1. Using every alpha carbon pair in segment 32-128, what percent of pairs falls into each 10 Å bin from 0 up to the bin containing the largest distance?
2. Below 8 Å between Cα atoms, with a sequence gap of 6+, how large is the relative contact order for segment 13-312 in percent?
3. Could you check the simple spin-label distance between ASP222 and SER313, using points 7 Å along Cα→Cβ, in nm with one decimal?
4. Just to be sure I understand: if I project the alpha-carbon convex hull of segment 13-312 onto a plane and average over all orientations, what area do I get in nm²?
5. Work out the length of the dipole vector of segment 13-312 about its Cα centre, built from +1 on the beta-carbon of each Lys and Arg and -1 on the beta-carbon of each Asp and Glu, and round it to the nearest 20 debye.
6. Which far-off residues, 5 or more places away or on another chain, put their amide H under 5 Å from the one on ASP236, with H placed in the peptide plane?
7. With label points built 7 Å along Cα→Cβ from the Cα atoms of LYS10 and LYS248, find their separation and express it in nm.
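What follows is calculated from the coordinates using simple rules that are stated; it is not laboratory data. Computed from a prediction, not measured in an experiment: that's the story for all the values here. Don't worry about glycine lacking a Cβ; one is built from the backbone with ideal geometry, like all the others, and counts go over all protein chains shown.
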Amino acid sequence: MSTKDFWRFKKYCSGSLSDIVFLEWKYFGFSTEEIEGFICYSIGNPNNVLGMKRCILSYAIYHEGGDEIGYLEIHKNQCDLKSSKRWFFGPASIEHKREGGWRIKGETDAFDWDLNFSQIALGDRIHVDLGKSFSVDSWMDWIVICNSAEVEGELFVDGKTYEIKGVGYIDSNLGHWIPSDTLWTWGHGIGKIKDEIVSFSLAQHQMGKTGKGRAYLSLGEDVTKFRSNEYELDYDIHKKPPSNYHFKGFKEDRMKVEADFKVERTDKIRLKAFRIFPLLDLVMQRGNMDLKVKKPGHKKLSMTCRGAWEFPSKPKLSF
């Protein structure tokens, strides 16, 4: 992906009223044996229609001393996305490194971070139809910037500095989001077998077998894509939110992939990315994901890694 295309709102936003419900975010997830979590940089209504532009840092950091889950609103004048190499959200930044990969750093009252993501398996821009609206030709794009990465750096939280040396993942969502229509489920798991990173990710509109989406499996630099007709997704329909998810993918070359995600904890992450939908929550679930891969001509792969599952809750409308 060209760094000029890293923030894509210029191609989507025209300065019309529909921009009020435009949202774009960049999600940096990471995991080590001691600490895991994500940091998300979000911008809503980037053209500031009716003065309603909003810039948000949201995060969830899970560590041995406790958890830090929340968000920080950045004044719109301190959000600078004009550069093609480095972008600022107040005290935080994203930088595309000259040698490739990404560096994110920043500080809040909750924690400080300086992390380098060295890409292993590149991503892909795909259009997953995550919903239409009667009022706007609305959709959300899912852009997998980096299927898997080595992550190194430092993170300071709760009086302790963690030397980060683990694995990670970068993706993005963007589009005109009408929350009552645009609902999705997203899942991800990442880990290592010996020196090879294994990563699984999925996004689709709604839940269950009828959802339309895509899934990716990365074995080192080798990436396999699964379209909607090449996988099934099941979950416990009687529990809200579900406590487990089961993915089964299959290709014509007889490759089979199974991913079982068992939920350990469920949190709500408040985006506050819109003035008009201030009570918009993402339901974020953490746990272990069991991955099994059967590919002709290769050894069977079986591993347990850390995973996450996410879907948005319906908002309360407020003016």
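1. All Cα pairs, binned at 10 Å, distribute as 13, 40, 36, 11, 1 percent.
2. Values: 803 pairs, mean separation 41.0, N = 300.
It rounds to 14 percent for segment 13-312.
3. Between ASP222 and SER313, the label points sit 4.2 nm apart.
4. Details: hull surface 62.2 nm².
Mean orientational projected area (segment 13-312, Cα hull): 15.6 nm².
5. Working: 41 positive and 44 negative charges, 173 e Å.
Using Cβ point charges on Lys, Arg, Asp and Glu, segment 13-312 gives about 820 debye.
6. The list, which skips near neighbours in sequence, is SER243, ASN244.
7. Distance between the two pseudo-spin positions: 4.7 nm.
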